[in-house]
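Student: Encoded as structure tokens, here's the structure I'll be asking about.
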Amino acid sequence: MADLFTRWKEGLSRSSQAAFGRLAAVFGATEIKAETWDELEALLIQADLGIETTETVLDALRSGVRTGGLRRASELSSLLEAELRARLDAPPALEFTARPAVILLVGVNGSGKTTTIAKLGRRFADEGKRVLLVGADTFRAAAVDQLQVWAERLGLPIIAGRMGSDPGAVVYDSLQSALSKGYDLVLVDTAGRLHTRYNLMEELKKVYRVAGKALAGAPHAVWLVLDATTGQNALAQARAFKEAVAVTGVILAKLDSSARGGMAFAIQKELGLPILFAGLGEKPEDLTPFDPEAFVKGIMAEG
Ligand SMILES: Nc1nc2c(ncn2[C@@H]2O[C@H](COP(=O)(O)OP(=O)(O)O)[C@@H](O)[C@H]2O)c(=O)[nH]1
Ligand SMILES: [Mg+2]
């Protein structure tokens, strides 16, 4: 399903919003000059690559220029693409041996968790898995309703907590039920929380622990949903969530609205977390396994 990435790339180049949109201008210059490096540095930082990744990429390009004897700025383009590509791993194959396998979706409010659950639910159900959705975001009535609407539209079973009820209890009951009813996969929607709010992070830890009590080994995965439009702030969120619970992977939501997906590199490098999926729209089918190749081509907005 590189189609979504292709659509994204086309969108980026049409709106000339590509993260590295002005790269063409930089690479269009004939000679590699001191300004070329300055401009490149500014662009990479603006694209949310982070200082550290930007510097290592530039170092690699400089040494490439020295050893490869490159003179023309245009020759830097493919070198940059290769350097960026080398900094992203393809997502690992998802294998769930436990049954049911329990996946906790976490992230700050509005990052795209509930929508992502719907997308994942559809995806795994299409693969023939028996999927149960769990609405454990009991802080806001609208949150549970939203998941319920998705469940109905997708024809997926759901267990949802009542507004104000203990999310731990909801998770406990749901997992027991999932076990007895023989579900393959349980997707748990958790309350969005500010990563800076101590109590809410404690609450999340509790949900995590309770899952393990209800079902040995659960949760089998914790996926952090990050809003790709929030740039480097997403990195701070990721750190906080990683400290609270054992995050095993990242989903980059709203990549379609982001012109600066560069934080993908920082997530990989600084947090060592694989990027599993990219959200590229609001519809259930707008989710695709993260494709580093397509992603790098997209941000470079090559024709
Ligand atoms: N364009 C776009 N919008 C998204 C994507 N994922 C979620 N959204 C929108 O972002 C908003 C917040 O999403 P929601 O799932 O409610 O976030 P939550 O608070 O983390 O559960 C909603 O309006 C979604 O439709 C995506 O991949 N692309
Ligand atoms: Mg939600």
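Student: Out of the residues in the stretch 160-171 meeting the condition of being touching a helix residue (DSSP H, G or I) at 6+ places or on another chain (Cβ under 7 Å) and within 14 Å of THR190 (Cβ to Cβ), tell me which one is surrounded by the most Cβ atoms within 10 Å (Cβ to Cβ).
Tutor: Once the filter is applied, the top-ranked residue is VAL171.
Student: If you go through the stretch 63-71 one residue at a time, do you hit one that is surrounded by fewer than 21 Cβ atoms within 10 Å (Cβ to Cβ) and touching a Phe, Trp or Tyr at 6+ places or on another chain (Cβ under 8 Å)?
Tutor: Keep residues of the stretch 63-71 that are surrounded by fewer than 21 Cβ atoms within 10 Å (Cβ to Cβ), which gives 63-71.
Next, from what is left, pick out any that are touching a Phe, Trp or Tyr at 6+ places or on another chain (Cβ under 8 Å): none.
No, the stretch 63-71 contains no residue that is surrounded by fewer than 21 Cβ atoms within 10 Å (Cβ to Cβ) and touching a Phe, Trp or Tyr at 6+ places or on another chain (Cβ under 8 Å).
Student: Checking the structure you have, find out if any residue of the stretch 105-116 is within 23 Å of ALA211 (Cβ to Cβ), surrounded by fewer than 17 Cβ atoms within 10 Å (Cβ to Cβ), under 18 Å from the mean Cα position of the chain (by Cα) and at pLDDT below 95.
Tutor: We begin by selecting, within the stretch 105-116, every residue within 23 Å of ALA211 (Cβ to Cβ); these are 105-109, 111-116.
With surrounded by fewer than 17 Cβ atoms within 10 Å (Cβ to Cβ) added as a condition, the list becomes 109.
Narrowing the set further to residues that are under 18 Å from the mean Cα position of the chain (by Cα) leaves 109.
If we keep only those that are at pLDDT below 95 as well, we get 109.
Scanning the stretch 105-116, I find at least one residue that is within 23 Å of ALA211 (Cβ to Cβ), surrounded by fewer than 17 Cβ atoms within 10 Å (Cβ to Cβ), under 18 Å from the mean Cα position of the chain (by Cα) and at pLDDT below 95, so the answer is yes.
Student: Does LYS181 satisfy being under 22 Å from LYS242 (Cβ atoms) and not β-branched (Val, Ile, Thr)?
Tutor: In short, no.
Student: If I filter the stretch 265-276 for residues that are under 17 Å from LEU4 (Cα atoms) and of a type outside the set (D, E, K, R), do I get at least one hit?
Tutor: Within the stretch 265-276, one or more residues are under 17 Å from LEU4 (Cα atoms) and of a type outside the set (D, E, K, R).
Student: How many residues, within the stretch 137-158, are within 24 Å of ALA236 (Cα to Cα) and buried (at least 24 other Cβ atoms within 10 Å of the Cβ)?
Tutor: Total satisfying the criteria: 1.
Student: Hey, among LYS269, LYS283, which residue is surrounded by fewer than 18 Cβ atoms within 10 Å (Cβ to Cβ) and under 27 Å from LYS205 (Cβ atoms)? Can you show your working first?
Tutor: Working: LYS283 fails: under 27 Å from LYS205 (Cβ atoms).
That would be LYS269, the only listed residue that is surrounded by fewer than 18 Cβ atoms within 10 Å (Cβ to Cβ) and under 27 Å from LYS205 (Cβ atoms).
Student: Among the residues in the stretch 97-117, are any away from ligand 1 (no atom under 16 Å from the Cβ), out of contact with any His (no Cβ under 8 Å at 6 or more places or on another chain) and either assigned to a helix (DSSP H, G or I) or touching a residue at least 12 places away in the same chain (Cβ under 8 Å) (or both)?
Tutor: yes
Student: Related question: Are any residues in the stretch 127-159 part of a loop (DSSP other than H, G, I, E, B), away from ligand 1 (no atom under 11 Å from the Cβ) and farther than 18 Å from LEU185 by Cα, and if so, which ones?
Tutor: THR138
Student: Looking only at the stretch 13-61, how many residues end up being at pLDDT below 90 and over 20 Å from SER74 (Cβ atoms)?
Tutor: Result for the stretch 13-61: 11.
Student: Something else about it: When you go through (1) at pLDDT below 95; (2) within 15 Å of ligand 1 (Cβ to nearest atom); (3) surrounded by fewer than 23 Cβ atoms within 10 Å (Cβ to Cβ) one by one for LEU255, which number turns out not to apply?
Tutor: Among (1) at pLDDT below 95; (2) within 15 Å of ligand 1 (Cβ to nearest atom); (3) surrounded by fewer than 23 Cβ atoms within 10 Å (Cβ to Cβ), the lone unmet condition for LEU255 is (3).
Student: Can you tell me which residue within the stretch 242-251, out of those that are of a type outside the set (Lys, Arg) and out of contact with any Gly (no Cβ under 7 Å at 6 or more places or on another chain), is nearest to ligand 1 (Cβ to nearest atom)?
Tutor: Narrowing the stretch 242-251 to residues of a type outside the set (Lys, Arg): 243-251.
Keeping just the survivors that are out of contact with any Gly (no Cβ under 7 Å at 6 or more places or on another chain) gives 243-250.
Numbers: GLU243: 19, ALA244: 16, VAL245: 16, ALA246: 20, VAL247: 15, THR248: 18, GLY249: 16, VAL250: 13 Å.
Looking at residues that are of a type outside the set (Lys, Arg) and out of contact with any Gly (no Cβ under 7 Å at 6 or more places or on another chain), I get VAL250.
Student: Of everything in the stretch 94-107, what is more than 10 Å from ligand 2 (Cβ to nearest atom) and of a type in the set (A, V, I, L, M)? Give them in sequence order.
Tutor: Within the stretch 94-107, LEU94, ALA98, ALA101, VAL102, ILE103, LEU104, VAL106 qualify.
Student: Could you list, in sequence order, the residues of the stretch 119-154 that are among the aliphatic types (A, V, I, L, M) and more than 10 Å from ligand 2 (Cβ to nearest atom)? Working first, answer last.
Tutor: Taking the stretch 119-154 and keeping what is among the aliphatic types (A, V, I, L, M), we get 120, 125, 131-134, 136, 141-144, 147, 149, 151, 154.
Result: LEU120, ALA125, VAL131, LEU132, LEU133, VAL134, ALA136, ALA141, VAL149, ALA151, LEU154.
The values are calculated or read from the model by the stated rules, or taken from the named source; none is laboratory data. Predicted model, so just to flag it, every value in this text is computed and none were measured. All Cβ positions, glycine included, derive from the backbone under ideal geometry; neighbour counts span all protein chains shown.
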